[in-house]
1. With n ≥ 4 as the cut-off for DSSP H runs, can you work out [θ] at 222 nm for the chain, using -39500 (n - 2.57) per run divided by the number of residues, rounded to the nearest 500?
2. Between the helical axis of 271-283 and the dominant principal axis of the chain, each derived from Cα atoms, what acute angle in degrees is found, rounded to the nearest 10?
3. For the pairs LYS114/LYS226; LYS82/LYS216; LYS26/LYS109; LYS7/LYS209; LYS123/LYS209; LYS226/LYS322, flag any whose C-alpha to C-alpha distance is greater than 32 Å.
4. Hey, if you put +1 on the Cβ of every Lys and Arg and -1 on every Asp and Glu Cβ in the chain, which of CYS72, CYS204, ILE15 ends up farthest toward the positive end of that dipole?
5. Relative contact order for the chain: what is it in percent, counting Cα pairs under 8 Å that are at least 6 residues apart?
6. Quickly rank 183-190, 29-36 as a protection proxy: mean count of other C-beta atoms within 10 Å, highest first.
7. Set the Förster distance to 41 Å, then compute FRET efficiency between ASP186 and THR78 from the Cβ-Cβ distance, nearest 0.05.
8. Lysines near LYS321 by alpha-carbon distance under 24 Å, same-chain residues fewer than 8 away left out - which ones?
Amino acid sequence: MKTIKVKVFRKQDEIHRYDTYTVTCKKGQTILDLLFHIKENLDETLSFRAFCRSGICGSCALKVNGHPVLACRTQVKTILDKGPSNKLIIEPLDGFKIIKDLIVDIEGKQEVLKRFELWLEEKKPPKNKEFKVLREEAKKYGKETDCILCLTCCSVCETLKENTPFAGPFAFVRTYRFIVDSREKDEKKKERLETSINASIWSCVQCQKCVAFCPKEIAPAQDIQKIRKETIKAGYTETPGARKLSHYLNWVYATGQINRLYLPLDVYDNEKAVREFINFCKEHGVKIWEIPHLPDGFLALRDLIVRALIKDGDIENIDFKKIRKIDEKIEKLLKGDSKCE
Ligand code: FES
């Protein structure tokens, strides 16, 4: 039994404030128990969301001492052990409009769910048989099936702060779950890839915050990477994201680094921007490198190392066309031809 101060964010009639309650904690008490205690004994006007009380419905997500948690699954003691041992600050999730006190508006995200049509569109099963999902396949989307739509991932997402067309990590977790399901129609999978591209999947900056804070230990950022890979495999290689990836792969393979100067050209075909930048630098006497200076023999050695590292079958799949073009530029430069464009 310990007496602590609990500071709770309040929003009523457009007025924001914090109210502080003095509470005596009990053993095993969760943040949700604490909120119910305040509501039932100290302040009946306090509003928050909760339903299942068992980490299943996702409705009780909020912020405690600055970090998003599920109130029903988080013990007060665990939080106090981590920080100032007698203080709790409870606030609504970041990134959402606050309706009242700890309740945020999730309607926009419900719209995303509808737009993504996150349900299985089943192929016809083999004649006189039903689909069997083998354990190996179920493992591929076991974690994704655990998503409870608590929207914690959206509240910490760096991309959502800047980019509203980005659907939010949860949408891609669910999408991935259906993309790898062997029962789903192929045309629906293709449609899901297109929906993901239109929902700005390439703008995720891979900050990994969604992975760090997901209460169900799902890794949305990794699912986003997997869907991106599927879009490329399906031939969607002309999106700016895919072209950027191709720039990274080709330049890092060729020279060990990316080439910021050529990035706009490779991604947006914006040769004018590159030219203007080069001329600007020349006019102002600023030295720029268009192609990095590599030591003699680097290109041959690099190919040898890569061949040793990559299994034979895989190396045949690498598209060397662009890489060889970069190699040519570098070789010209090494021979002293400064006009290596
Ligand atoms: S109340 Fe349902 S997840 Fe917490």
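The values are calculated or read from the model by the stated rules, or taken from the named source; none is laboratory data. These numbers were taken from a predicted model, which means no experiment stands behind them. Note: ideal-geometry Cβ built from the backbone for every residue, glycine included; neighbour counts use all protein chains shown. Quick note on the areas: whole protein, heavy atoms, side chains included, nothing else; ligands and nucleic acids left out. Shrake-Rupley method; radii C 1.70, N 1.55, O 1.52, S 1.80 Å.
1. -12500 deg cm²/dmol
2. 80
3. Among LYS114/LYS226; LYS82/LYS216; LYS26/LYS109; LYS7/LYS209; LYS123/LYS209; LYS226/LYS322, the Cα-Cα distance tops 32 Å for LYS26/LYS109; LYS123/LYS209.
4. After comparing all options, I get CYS72.
5. Once normalised by length, the contact order is 11 percent.
6. Taking the mean over residues of other Cβ atoms within 10 Å, the ranking is 29-36, 183-190.
7. For ASP186 and THR78, the calculated efficiency is 0.35.
8. Once the sequence-local lysines are set aside, what remains near LYS321 is LYS229, LYS233, LYS244, LYS272, LYS311, LYS329, LYS332, LYS335, LYS339.
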